[in-house]
Structure formats: C-alpha cells, structure tokens
Amino acid sequence: NCSLNTTTNHLRHVESMAVLPSGAGKIPRLNAVILGEALASEEDDLVFPSDDFARQALLPSAQKYLEMYKRSVEDPAGFWSDIASQFLWKSKWGDTVCSENFDIRNGNVYVQWFKGGITNICYNCLDRNVDSGNGDKIAFHWEGNERGFHDSLTYTQLLSQVCQVANYLRDIGVKKGDAVVIYLPMLMELPIAMLACARIGAVHSVVFAGFSADSLAQRIMDCKPKVVLTCNAVKRGSKVIHLKDIVDAALSESAKNGISVDACLTYENRSAMMRETTKWQDGRDIWWQDVVPTYSTICEVEWVDAEDPLFLLYTSGSTGKPKGVLHTTGGYMVYTATTFKYAFDYKPSDIYWCTADCGWITGHSYVTYGPLLNGATVVIYEGAPNYPDPGRCWDIVDKFKVTIFYTAPTLYVTRYSRKSLRVLGSVGEPINPSAWRWFFNVVGDSRCPISDTWWQTETGGFMIAPLPGAWPQKPGSATFPFFGVQPVIVDEKGVEIEGECSGYLCVKSSWPGTFRTLYGDHERYETTYFKPFPGYYFSGDGCSRDKDGYYWLTGRVDDVINVSGHRIGTAEVESALVSHPQCAEAAVVGVEHEVKGQGIYAFVTLVDGIPYSEELRRNLITTVRNQIGPFAAPDRIHWAPGLPKTRSGKIMRRILRKIASRQLDELGDTSTLADPGVVDQLIALADC
Ligand code: 6R9
C-alpha cells in the first residue's frame, strides 16, 4: 500500500506561507505594487490573485489548499476515492484503492489505482454528460487553418460520431487491448478517433502528424496496430502536407520488417486535397467518409478494468529509441479531470482553448480527456498560431470568447482585445519571469492568473502547478504540488535535501495519473526512472525550492531538448546525423532560442577527407528532417574536426553547450580532456 509521510517538507513551507495575507477577502490589492517594478529578487516578487478572482475561485485560499493537500497525502485512498466516486463505474474497485512499489530496492516497480473498478473513460466523457442534460452543450468548436472555416459539435453529436467510428473499428475486428495508430492533424476526427478507441477498449497510439515516415514506421513496428487512422493531406499555414504519402512510406517500411497493417482508414480532408489525386492501395485503404457514416450512432461500451491500458504515447528519452509511455484507464481519468478542474479554476460557463496538438501528452490530457470529463466546451485549432498573421491566436480567443487559454510560452503580441480571458496556462518549458510578465500584463490585462503547469508525458497530468486564487504567484515559478504529489529534491547522491535548495526533481510515491510502464520494456522503465535515485521516480528535470517553498523548474538535466514544447532526445538527432554516410560523429546540445525556447545545435565531425560545404550542411539537416520530422531539424551545424572527450571517451557536453552559446570565458576546466586542443579548433570554426 502507499506509504506516505504525514508531513512533507513543502507542507511546512505552505503552512508558514498560509499566514501571509493570501486568504480570500484578506488579500490586499497588491497588483499595482508588482506591475512594472523591478524587485530586489525574483523570489520576493509576489503576484496576488485579485479579490474578484479569489472570491469566485474553487480554491479561494492557501488554507483550503493546505487542508485538501494534507488529506491527499495522509489519506490518499480516501481522498481519491471520494473524487473517483463522481464518475460512473460499472462496479467499484476493491478495498485496495492504491497499491504500489515505488522503491526499486524493494523489488519490481509497479503502480495500481482503483484495481478491480470497472469503467470506461469515453462513457464518462460523453454519455455521462449527455445523460445529465448537457447533450446540447458544445463539446468542440473547431477552427480551420483558413479563416472562415469552422465547425462545432455538441456532446450528443460528438457521441454519435465517436460511436460510428467505434462501430467501424469493432467491425473490422479491433478488440479490447488491440493497438490503433492515429496519424492525424488537429481535425475533430483526431479526438473522435481517440475516444472511439477508448470506447471499445482499444489502445490508441497517436503519432504527431509532424513526424516523418521513418519515425511513424518505428512506432508502428513497436506497437503493431491492426489499423492506422489518417487523412490524405493537411494545410499547415500555406503549405500542403501529404500525410497519406508519409503513411504509405511508413507502412511499406514496416511491411518490409514483417509488420503489416490490414487497414488504413483515411479521412478526405477536402480543404487540403481531393480524393482523386490521393495515392491509393486498394484492399488496404478505405475512405473515412465512405464507411464511417454507414455505421450506427449507438455503440455499446466495452467496460474495462481501471488498470487496463488506455493509450501509448511515444516520447523521447536521453538515450535509445523513443519510449512507449503507457497509461491506464481509471487513475488517469480521475487525475486528468481533477487537475483540469482545479488548475484552471474550471466553471461550466468557461470556453477553454488549449493550443497543443493531440499528438503530444498535453493534447491527450488537456484537449481531450480532462476537459471532456468536466463537460467543458473546448476550442480546437487546426493551423499554426501565426497564420496568416500573428494576430490569429487572439482572433480565435475573441471569436469563441475563450475564457481559459492554455499554451506554451511561445507567443505573439497584437492589437486585439482579450476581454473574455480569465485564466491563462503555460506548459512545456520553463517560462522566464519577463515572459511571464508579458503574458500576465499584455495577454491577461494584469487580471488573469497564470497556471504555469509543470508535468510530463509520464506523469499523465499536472504535478506542480498554481491553483489560481489560492495563493500568490511568483513569475517563473510553478509554485506548489498538486494534490497527492510529493515532490522531493535530491542531491547527486540521491539524498533528499530539505528547505531552500536546488537539485534533481524526484517524486516519492505514486499519484493516480502515473504511467505504469514503457510498452514492452518494463526493465527500461525501471532503469530510466527508478534506478537513478532509488526510492523515487526521477523526472529528469532540475529544480530549486525557495525560502517560501515555491518550486522553480530549471530544465532538463539529461540529454533531452525542448524545442517549442516538443521533446527531442539529443541521441535521436545524433543517430540521424551519423546515418549520413559522410558524417563520422555528431554531438547535439540545446541552446537558448528566442522563439522556440531551445534550439538544436549540432557539432558534426565528417569522415576523413570530406570537405565542409553548404550543400553537405543542407543534406545533413534534410537527413534529420526525414528521419525524425521537420521540428527536429538542427538550427545550426558546427563543423568539428574533433569533439571534446574525456580520457574514457565520454563527450563533455558541458563544454559543447558553452561553445554553442558562445560563453567562451566560461568553459571551465578543460584539463581532463583527452585532447584539450580540440576546444581551440572548435572555437576557431564557430562562425564557419
Ligand atoms: C507536458 C509536457 C516534459 C518536459 C519536462 C520539463 C518540461 C513541461 C514545464 C516544463 C518548466 C513547466 N516542462 N512543463 N518545464 N516548466 N511548466 O510538456 O510533457 O512533452 O513529456 O515534456 O517539459 O523539462 O520534463 P513532455
């Protein structure tokens, strides 16, 4: 059973903080104080929720949070069962709400929540809302790439469409536990396909439609789906991307390796391409519009165990091929619904827009499941945020009267009013205090709290995030842990550090949304996440905690880069580069990038005798685009006659990072290098 300490370190901090004037009603109007004024230290920069906001907030005070948080860690079974009971279960879970081993030293790691409970997440997202009288409420507002193209679906209509796809899948033989790969852009058909899988107990594996054929093939070969769901093409900005061609290439690649897929259900996306010009393989390919509408709009639910898998989502790690993160049904359902509700202070009248693509975890938990479980109205946007101009985002906010806007800290200023907004959210990378202020002052008119949510594909839902209204925020800090989450900061030896400190961010004991394994590789799950610091889940992120107990995420401490919120392993980019016959060796590091947060910077050593050339530089970049996807293309190739290595042959990335960011006076000790001379060579080639 979950063994939990009664009082965690951070609780003591919040307790002391709770005596700050942060309770509802007592909150002085301090907003004026913080606007525009530079404070001595970021840590002392408190932004209080306004009286108006706090008065209506679900969690109006730090005290209230504290009460709930305390219960969530002292009595997790009671806390989460009470919440879970608000959903529909065909039959309730057993006496053991949670069972886990989070400590690798005690044997294999495992996590179970609500085991024995029988439910269905699609039923809870759709039927439950329709049955409670919300059938006519809009579930999705969809905005197309081109201005003027939009559509919407009520909960009743969404349910019908999901049932038709579910019936089709069942009819072609997809059963509970079977994998289904979905390779679709942000059409409503994407969440529809996910929900259809969930309805029949199939395990969806959404692959972001910006991944290349090679990446798609790799994922198909790993999870061996019965069917792939896609569309013929999509317009991104002014460019048409032929997704079906990419799927064709991926399917023939996997067939060559003995994995053949029986069916490819293809949506005809007429705004991008007509069916007449789409390449076709008879017998395997089927037009969505030809078959799906012929199925009944009623589809019996497949009731599943809380611990039955819901989806796989591949994500990059610091080494090796992408990992299939596996989430199960019950705990994920309860966790995404609860985090959505509290972190965004969700009310039924809200209009919610999350700019993430369903190809990433944010689109799973906070475009699809979390909001629909709450019966929310969700805006989905097909296109790029700056198409046809940088004002597009704010047009959409105004058009749909968006009240909650959740995005990555990559934004564009404009002239439009954003009166409807009341809560802002940020995810994907650390938001620096000046970007925070811009988001707060310009986008939110200094009135909307910002929920800076720290979490990961692996965590399923928010882990450290502000609960707007409950306590003052500090620009750049994700604030405090969500209910049930016990963050721990450890030093390099894995020893927990108390109080004000910085180190590696870990979590002690499970929360309902924890991932359960890496698909087909439980050993890698244990090695990657539970072995580095025995006793804890290791996030891969660095973090500090200030004197008031606020958490400040500082970014990855492993070799993972975050480009515009897309997680990319340096090892993946390196292996794409070295697959080029003229590339002998490559080392990739992240560098600060004005627009993308982090950019990809590649040091490349060529095969002996090959001269540097612009053409080769372009070819190397194309190789990465083709093998991973355009978003992983290096921003810079730095020619490297040699790489700085230790005597044992380990590349010293610390030095490469300094060279990449031109902090040449901060190279540190280079005496341990096998050949210190390579550093000078690299510096000499910096601008070539
Ligand atoms: C949800 C998502 C996870 C990595 C994570 C961290 C970074 C995410 C953040 C943040 C600072 C935040 N990250 N949110 N860093 N502040 N609010 O992005 O999942 O794609 O798996 O990436 O993103 O480095 O470890 P995922």
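Specify the residue that is nearest to P475 (Cα to Cα); the eligible residues are those in segment 421-444 that are touching a Phe, Trp or Tyr at 6+ places or on another chain (Cβ under 8 Å) and away from the ligand (no atom under 16 Å from the Cβ). Among those that are touching a Phe, Trp or Tyr at 6+ places or on another chain (Cβ under 8 Å) and away from the ligand (no atom under 16 Å from the Cβ), it is V443. Within segment 505-543, track down each residue that is within 12 Å of the ligand (Cβ to nearest atom) and on the phi > 0 side of the Ramachandran plot. Hit for segment 505-543 is G540, nothing else.
Just so you know, in segment 310-323 the residues that are more than 12 Å from the ligand (Cβ to nearest atom) and surrounded by fewer than 22 Cβ atoms within 10 Å (Cβ to Cβ) include one that is farthest from G177 (Cα to Cα), and it is T319.
Residues that are more than 16 Å from the ligand (Cβ to nearest atom) and within 30 Å of M333 (Cβ to Cβ) within segment 445-476 comprise C448, G469, A470, W471, listed in sequence order. Restricting S434, S451 to residues that are surrounded by 23 or more Cβ atoms within 10 Å (Cβ to Cβ) and among the polar types (S, T, N, Q) narrows the list to S451. Per the listing I138, I172, I182, the residue uniquely within 20 Å of R219 (Cβ to Cβ), touching a strand residue (DSSP E or B) at 6+ places or on another chain (Cβ under 7 Å) and of a type in the set (A, V, I, L, M) is I182. Highlighted here are the strands (runs of 3 or more DSSP E) found entirely within segment 285-364 that include at least 3 residues which are out of contact with any Ser or Thr (no Cβ under 7 Å at 6 or more places or on another chain): 323-328. Residues that are under 25 Å from C506 (Cα atoms), in contact (Cβ under 8 Å) with a residue 60 or more places away in the chain and in contact with a Gly (Cβ under 7 Å, 6 or more places away or on another chain) within segment 81-104 comprise just one, D103. Within segment 168-205, the set of residues being acidic (D, E) and assigned to a helix (DSSP H, G or I) comprises D171, E189.
Filter segment 417-453 down to the residues that are in contact with a Pro (Cβ under 8 Å, 6 or more places away or on another chain), of a type outside the set (S, T, N, Q) and outside any loop (DSSP other than H, G, I, E, B) and list them by number. Passing the criteria: V423, L424, P433, A435, W436, R437, F439, F440, I450, D452. Looking across Y369, Y352, Y406, one residue alone is hydroxyl-bearing (S, T, Y) and away from the ligand (no atom under 16 Å from the Cβ). It is Y352. Here the condition is being surrounded by fewer than 16 Cβ atoms within 10 Å (Cβ to Cβ), closer than 29 Å to I561 by Cβ and charged (D, E, K, R); of D245, D262, it holds for D245 alone. Residues that are part of a loop (DSSP other than H, G, I, E, B), more than 16 Å from the ligand (Cβ to nearest atom) and touching a helix residue (DSSP H, G or I) at 6+ places or on another chain (Cβ under 6 Å): does segment 382-394 have at least one? Yes: segment 382-394 contains one or more residues that are part of a loop (DSSP other than H, G, I, E, B), more than 16 Å from the ligand (Cβ to nearest atom) and touching a helix residue (DSSP H, G or I) at 6+ places or on another chain (Cβ under 6 Å). Evaluate the following for Q473: is it over 25 Å from T570 (Cβ atoms), of a type in the set (S, T, N, Q), touching a Ser or Thr at 6+ places or on another chain (Cβ under 9 Å) and modelled with pLDDT of 95 or more? So Q473 fails the test.
Does K347 satisfy the criteria of being charged (D, E, K, R) and away from the ligand (no atom under 16 Å from the Cβ)? Criteria met by K347. Could you tell me whether E614 is modelled with pLDDT of 95 or more and more than 19 Å from V560 (Cβ to Cβ)? The answer is yes for E614.
Look at segment 151-167: where a residue is over 17 Å from H141 (Cβ atoms), no partner that is at pLDDT below 95 and of a type in the set (A, V, I, L, M) sits 6+ places away or on another chain with Cβ atoms under 6 Å. Going through (1) among the hydrophobic types (A, V, I, L, M, F, W, C); (2) touching a residue at least 60 places away in the same chain (Cβ under 8 Å); (3) in contact with a Lys or Arg (Cβ under 9 Å, 6 or more places away or on another chain) one by one, F482 falls short only on (3). Filtered by the rule that a residue be touching a strand residue (DSSP E or B) at 6+ places or on another chain (Cβ under 8 Å), over 23 Å from R662 (Cα atoms) and more than 10 Å from the ligand (Cβ to nearest atom), segment 546-576 gives D546, Y550.
Looking at segment 224-234, is at least one residue crowded, with 20+ Cβ neighbours inside 10 Å, part of a strand (DSSP E or B) and of a type in the set (S, T, N, Q)? Within segment 224-234, one or more residues are crowded, with 20+ Cβ neighbours inside 10 Å, part of a strand (DSSP E or B) and of a type in the set (S, T, N, Q).
With respect to (1) within 29 Å of V47 (Cα to Cα); (2) within 16 Å of the ligand (Cβ to nearest atom), the lone exception for E594 is condition (2). Pick from segment 265-299 the residues that are of a type outside the set (A, V, I, L, M, F, W, C) and within 30 Å of the chain's Cα centre (by Cα): which of them is surrounded by the fewest Cβ atoms within 10 Å (Cβ to Cβ)? Residue satisfying both the conditions and the ranking: R270.
The values are calculated or read from the model by the stated rules, or taken from the named source; none is laboratory data. Just so you know, these numbers come straight off a predicted model, no measurement behind them. Reconstructed Cβ throughout: ideal geometry from the backbone, glycine too, with neighbour counts over all protein chains shown.
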